[in-house]
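One structure below.
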Amino acid sequence: MIADLKKIWTVFTPSERRKAVWMLVLVILMAMAETLGVISIMPFLSVLGRPAIIHDNPLLHAVYQRFGFHDSRGFILALGLASITLVISSSVFKTVTLHLLNRFVHLERHSISARLLSRYLHQPYEFFLTRNASVLGKNVLSEVDQLLFELIQPLSQLIAQGAVVLAMTLLIFCYDPLTAICIVAVLSLLYGTIYGLVRKRLAHIGKERQTANGQRYLACNEALGGIKDVKITHSAAAYQRQFEGASRLFSRHMAANDTLSQSPLYLVEATGYSMLIVVALTLLLRSNDIAHVLPALGLYGFAAYRMLPAAQIMYRGFAKLRVSSAALQSIHHDLTLAVEQEVTGTSVLAPQREIRLQGVRYAYPSAPEKPVFDGFDLVIPANTSVGIVGRSGAGKSTLMDLLLGLLRPEAGMLSVDGTEIDTGNVAAWQRAIGYVPQHIFLADASVAENIAFGVPRDRIDMQAVEGAARAAQIHEFVVGELPQGYDTAIGDRGIRLSGGQRQRVGIARALYRNAPVLFFDEATSALDAQTEETVNGAILNLSSKKTIIVIAHKKASLRHCQQIFEVSQGHPEFLRTTNATK
């Protein structure tokens with residue numbers, strides 16, 4: 001548990017740690033206010049039970065004379081009002097403190113989610129080759145909620161209510177040490193025994209809950225993300241079963257967690273009531289004076305009223321700490337991942353002479369003993385169009401990722417005009433690139449926003465958008481068939497567009513930024529022959545102004561390229577130089 005508390009502390013930023021310390025100060029003040037509220041009931045009940053104590057007790061007598069009271073009735077009324085005022089004031093202060101604690105927790109939810117997403121986004125591309133996007137999304141959203149609302153919030157309440165329990169214990173101890181020791185011993189034994197019996201079960205629930213949560217996210221995302229394939233293959237029932245199995249297990253564990261966290265309350269309430277009767281009878285037997293029993297009973301009763309719910313909240317905090325330990329472990333691990341150094345600036349590393357891969361070796365982390373390339377060399381002259389062809393699995397996509405700077409060679413290098421591409425200048429190289437993948441990602445936004453991807457809506461250059469759309473052969477479709485033209489929303493992942501239309505939006509996106517280097521990865525595979533010919537013609541028209549690299553399965557798709565290479569067995573084979581002209 002100490003290790004978990006240390007992890008929670010390291011999850012906070014320095015400013016959040018300072019805020020946490022201030023929250024602790026407020027909690028201590030809240031406990032003091034609670035104590036004053038409880039203490040205030042004693043003089044009222046003492047005077048109510050035996051008015052003569054006003055003159056017997058030096059402190060009460062001093063207050064009586066200081067404020068000029070003339071009869072015990074008025075003094076009792078004043079004591080009652082003073083007690084009410086103190087209790088209400090402490091409750092108001094407690095409410096304010098708890099609001100600030102809740103605000104702190106909810107803002108932590110925002111902070112941790114944002115920092116975790118940022119940490120993921122700044123991982124190298126290879127990180128995403130081994131991590132499922134659904135699991136990462138689950139961590140940012142669901143697991144952070146689990147951490148905050150099922151661990152940090154109960155922990156903050158544990159500390160707050162622990163301060164109240166400590167204050168009540170000290171108050172009772174000052175009044176009657178033996179009774180205080182007995183009360184604390186009974187409560188500690190009761191909760192300690194229960195916690196000892198269920199702690200392993202809670203830890204097991206926490207691990208299985210996290211796994212089941214990931215599985216239900218995965219099943220849901222895959223079913224909805226591939227809805228066309230699901231419909232065609234009639235596999236909805238299989239995904240439904242997969243989701244229901246994980247969801248049912250998740251719900252059962254959450255129910256067990258709630259039961260194990262809350263059930264001791266009823267046993268403790270019964271124990272507390274029984275203890276209060278025992279204390280009353282003990283006091284009566286010891287003094288045989290109801291005037292002495294009444295204020296003490298009021299003190300114990302009010303203290304129990306404050307202490308027992310606080311003790312239950314403390315137990316629930318310990319229980320949830322065990323259940324949420326797995327979520328804490330996962331988020332703590334990912335928040336401490338090393339990140340790629342982000343290079344700021346606006347410089348563009350555009351090739352003037354050549355792009356070169358020299359002596360490149362690369363193997364995927366999942367199969368380090370099987371390199372895709374070993375001693376790979378390739379030279380791409382600037383301001384030419386180069387086609388790369390090869391069978392499936394030959395390494396064309398890996399080659400593209402190496403050229404894009406997404407993957408780093410284990411040996412050898414990627415260079416532009418003799419400048420090696422490394423972590424310091426890869427951003428400048430990527431600013432020079434327009435990229436059209438085989439599978440276009442489209443956001444649930446307008447056509448213009450998808451073409452000017454990543455540009456704030458109010459900064460989109462509509463002239464550039466239309467120019468790029470014309471070059472990609474999609475302008476006429478947008479203005480002629482879409483109800484709101486470039487402002488038409490195209491749905492999640494462009495579901496309202498055909499495959500060819502989505503591909504052309506992707507091509508327009510690459511052309512929008514007027515990048516000096518264009519990469520096309522099977523970019524025309526979803527186009528009909530006529531449109532492919534038109535787009536390839538547009539690419540040819542750019543070939544003397546830009547460096548264009550085209551990857552395709554079919555050599556026929558590369559007939560407009562000035563040079564063509566075939567990738568085979570990890571090496572490029574020069575096929576031919578064409579005399580393609582505009």
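According to the square roots a ≥ b ≥ c of the eigenvalues of the Cα gyration tensor, what is the shape class of the range 334-431, taking rounded for a/c under 1.5, prolate for a/b larger than b/c otherwise, and oblate for the remainder? Since a/c reaches 1.5 but b/c is at least a/b, the shape of the range 334-431 is classed as oblate.
Peptide packing: for 495-502, 40-47, the average count of neighbouring Cβ atoms within 10 Å per residue gives the ranking 40-47, 495-502, highest mean first. Using equal-weight Cα scatterers in the Debye expression, the normalised intensity of the range 16-59 in log10 at q = 0.17, 0.31 Å⁻¹ is -0.60, -0.97.
Between THR85 and THR423, full extension at 0.36 nm per residue minus the direct alpha carbon distance yields a gain of 115.2 nm. In plain terms, the residue of THR10, THR282, THR346 with the fewest other Cβ atoms within 10 Å comes first and the most crowded comes last, giving THR346, THR10, THR282. With contacts taken as Cα pairs under 8 Å and at least 6 residues apart, the range 354-577 reaches a relative contact order of 30 percent. Working value for the range 354-577: equivalent-ellipsoid semi-axes of 31, 19, 17 Å, each the square root of 5 times a Cα gyration tensor eigenvalue, largest first. The label-point distance for ARG457 and ALA3, in a model that sets each label 7 Å from Cα toward Cβ, rounds to 4.9 nm.
Counting neighbouring Cβ atoms within 10 Å and putting the fewest first, the residues GLU34, GLU126, GLU369 line up as GLU369, GLU126, GLU34. Cβ crowding within 10 Å ranks LYS546, LYS554 as LYS554, LYS546, fewest other Cβ atoms first.
If the chain linking SER15 and THR95 were pulled fully straight, counting 0.36 nm for each residue of separation and taking away their Cα-Cα distance, it would gain 26.4 nm. Taking the Cα centre of the range 354-577 as reference, the dipole from Cβ charges on Lys and Arg (+1) and Asp and Glu (-1) amounts to some 220 debye.
Applying 0.36 nm per residue to the separation of THR282 and LEU29 and subtracting their alpha-carbon distance, the gain on full extension is 87.8 nm. Taking the alpha carbon gyration tensor of the range 395-509, multiplying each eigenvalue by 5 and rooting it gives semi-axes of 32, 15, 12 Å, largest first.
All of the numbers you see were taken from the coordinates with simple rules; none came from a lab. Here the structure is a predicted model, which is why all the values come from computation and not from measurement. All Cβ positions, even for glycine, are placed from backbone atoms using ideal geometry, and neighbour counts span all protein chains on display.
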